[in-house]
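Comments concern the structure below.
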Amino acid sequence: MSRTYEDLVAEASAVSVDGWDFSWLDGRATEERPSWGYQRVMSERLAVASAALDVQTGGGEVLAGAPVLPPVTAATESWPPNVTVATRLLRPRGVVVVADPDEPPLPFADAAFDLVVSRHPVTVWWDEIARVLEPGGTYLSQQVGAASMFGLVEHFLGPLPAETYRARHPDDARAAAEAAGLEVVDLRSETLRTEFFDVGAVVYYLRKVIWMVPGFTTEAYDEQLRAMHGHIEREGAFVAHSTRFLIDARRR
């Protein structure tokens, strides 16, 4: 028996969205993963690094998934609830989590790290990445690409301005990295299918990924949510597409 709109929304509104763990969506939503396997590649780099920094670590879940960490490992995060979650998770592994506003400068000395990693950073301060890397050091990052999840966003906000479709283009990331003195040795991009199987999954996602629909509340977007609930009941899922790119850059 299908659950009511009210029940699904109430459940998703009550659950905690602290940290960066999406396991609550298991069985309720699916997202294709990029073929390059960021967790695996990141773990391989960390295993041979001497000093590493994870920028915008979220709740620290991705970094914690690495079997081996360098002797010196630090992480930054700006959102206070995530700082707490990340500290609890990473401190037992010797990682120092630094509360940082995600604005220049990074709170570290020049050439402090031979590896900087970051998964889905909101903003990349390329000059700062280059500054804290030692010569020959590398930056490895999986980032959200252009027009990612716009099918979902436009359901709530309507058509987005044409210029927003260019934002987060991987070619722009390459240009910014090179302008900061980094050599891009690998750049790959993929479009990935995402499916939401109930409206509660959408509510949870938008509460967690707060920049998708700024100021999202179930009350403000009740009409759009009800329309989505009806669509999912008819079609079985709401389908959108995310974009991701991997950038691997070395400081000259």
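Readers should treat all values here as calculations from the given coordinates under stated rules, not as data from a laboratory. Predicted model only: the values in this text are computed from it and were never measured. Every residue, glycine among them, receives a Cβ derived from its backbone with ideal geometry; neighbour counts consider all protein chains shown.
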- Task: Could you check how many percent of all C-alpha pairs in the chain are farther apart than 34 Å?
- Result: 21 percent
- Task: Just grab the label-to-label distance for Thr30 and Tyr165, each label 7 Å out from Cα along the Cβ direction, in nm (one decimal).
- Result: 2.8 nm
- Within-11-Å neighbourhood charge of Glu190 [Cβ basis; K, R +1; D, E -1]: +3
- Query: Given a Förster radius of 22 Å and the C-beta distance between Thr123 and Val48 as r, what FRET efficiency does 1/(1 + (r/R0)^6) yield to the nearest 0.05?
  - Reply: 0.20
- Task: Give me the distance in nm between label points sitting 7 Å out from Cα along the Cα-to-Cβ direction at Glu178 and Thr218, one decimal.
- Result: 4.9 nm
- Item | Vicinal HN-Hα couplings computed from phi for region 190-196 (Karplus, 6.51 cos²θ - 1.76 cosθ + 1.60; Hz; Gly/Pro x) | 9, 9, 10, 7, 10, 10, 10
- Query: So what's the angle, to the nearest 10 degrees on a 0 to 90 scale, between helix 222-235 and the longest Cα principal axis of the chain?
  - Reply: 80 degrees
- Message: Using +1 at the C-beta of Lys and Arg and -1 at the C-beta of Asp and Glu, which of Val144, Ala14, Ala49 has the Cα lying farthest in the positive direction of the dipole of the chain?
- Response: Ala49
- Item | Net lengthening on full extension, Glu235/Asp110 (0.36 nm per residue, minus Cα-Cα) | 39.6 nm
- Query: Residue by residue through region 21-32, which ³J(HN,Hα) values in whole Hz follow from phi under the Karplus form 6.51 cos²θ - 1.76 cosθ + 1.60 (θ = phi - 60°), with glycine and proline marked x?
  - Reply: 9, 9, 5, 4, 7, 4, x, 10, 7, 9, 9, 4
- Task: Before rounding to the nearest 500, sum -39500 (n - 2.57) across all DSSP H runs of length at least 4 in the chain and divide by the residue total; then give [θ] at 222 nm in deg cm²/dmol.
- Result: -9500 deg cm²/dmol
- Item | Backbone HN-Hα couplings from phi across region 56-65 [Karplus 6.51/-1.76/1.60, Hz, Gly and Pro as x] | 6, 6, x, x, x, 5, 5, 4, 5, x
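What size of dipole, in debye to the nearest 20, comes out for region 97-252 about its Cα centre when the only charges are +1 on Lys and Arg C-beta atoms and -1 on Asp and Glu C-beta atoms?
That gives a dipole near 260 debye.
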- Note on the structure: Given Cβ charges of +1 for Lys and Arg and -1 for Asp and Glu, the option among Leu206, Thr217, Phe113 whose Cα lies farthest towards the positive end of the dipole of region 5-251 is Phe113
- Would you calculate the separation in nanometres between label points at Glu154 and Asp186, each defined as 7 Å from the Cα along the Cα-to-beta-carbon direction? 3.3 nm
